[in-house]
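**Q** My questions all concern the structure below.
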Amino acid sequence: MNSPFQTLLSLNKSTYKDDQYYASIKPETVKALAEALNAGQVKLNKNGNVAISGFLNTPEDGGERYISLKWVREASQKPDDVPRETKNDFSDVPF
C-alpha cells in the first residue's frame, strides 16, 4: 500500500551561511499536486489551504539533517467517484 504522504520538497540548511536554507521542487511534483487538487484528493486545512506536514530526517549515510515537507493525497471526494448502491425498482412493471 502506498503512503498517503507525498514529498513536496526537502529543506536543507546552507553549509555556507548559518541563517540560510534552500530547497527546490521538481516540476513533476507540482503537476501531481495540481492534478490531485483538481481531483479533490488533497487534504486542506481549516483555511482551505493545502495542508503541509514537516518531518525532521537524518540521512542513513550520514550528512546533515534536513526537513522533508509533505502533502497528503486523499481518496477522491467527488460524487462521481463514490460507489452507489443500486436497487432494482419494479414498481412500474405490470403484474
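The values are calculated or read from the model by the stated rules, or taken from the named source; none is laboratory data. These numbers were taken from a predicted model, which means no experiment stands behind them. No Cβ is skipped: glycine too gets one built from the backbone with ideal geometry, and neighbour counts run over all protein chains shown.
**Q** Which members of region 16-64 meet the condition of being assigned to a loop (DSSP other than H, G, I, E, B), free of Cβ contacts under 8 Å to residues at least 12 places away in the same chain and within 21 Å of residue 3 (Cβ to Cβ)?
**A** 26, 45, 58, 59, 60
**Q** With respect to residue 76, determine if the residue is within 19 Å of residue 3 (Cβ to Cβ), surrounded by 10 or more Cβ atoms within 10 Å (Cβ to Cβ) and modelled with pLDDT under 85.
**A** So residue 76 passes the test.
**Q** How many of the residues in region 1-15 are free of Cβ contacts under 8 Å to residues at least 40 places away in the same chain and within 13 Å of the chain's Cα centre (by Cα)?
**A** Filtering region 1-15 for residues free of Cβ contacts under 8 Å to residues at least 40 places away in the same chain gives 1-3, 14.
Filter once more, keeping what is within 13 Å of the chain's Cα centre (by Cα): 2-3.
Residues meeting the conditions: 2.
**Q** So, in region 1-15, how many residues would count as being within 16 Å of residue 69 (Cβ to Cβ) and either of a type in the set (Ser, Thr, Tyr) or not in a loop (DSSP other than H, G, I, E, B) (or both)?
**A** Here the count works out to 10.
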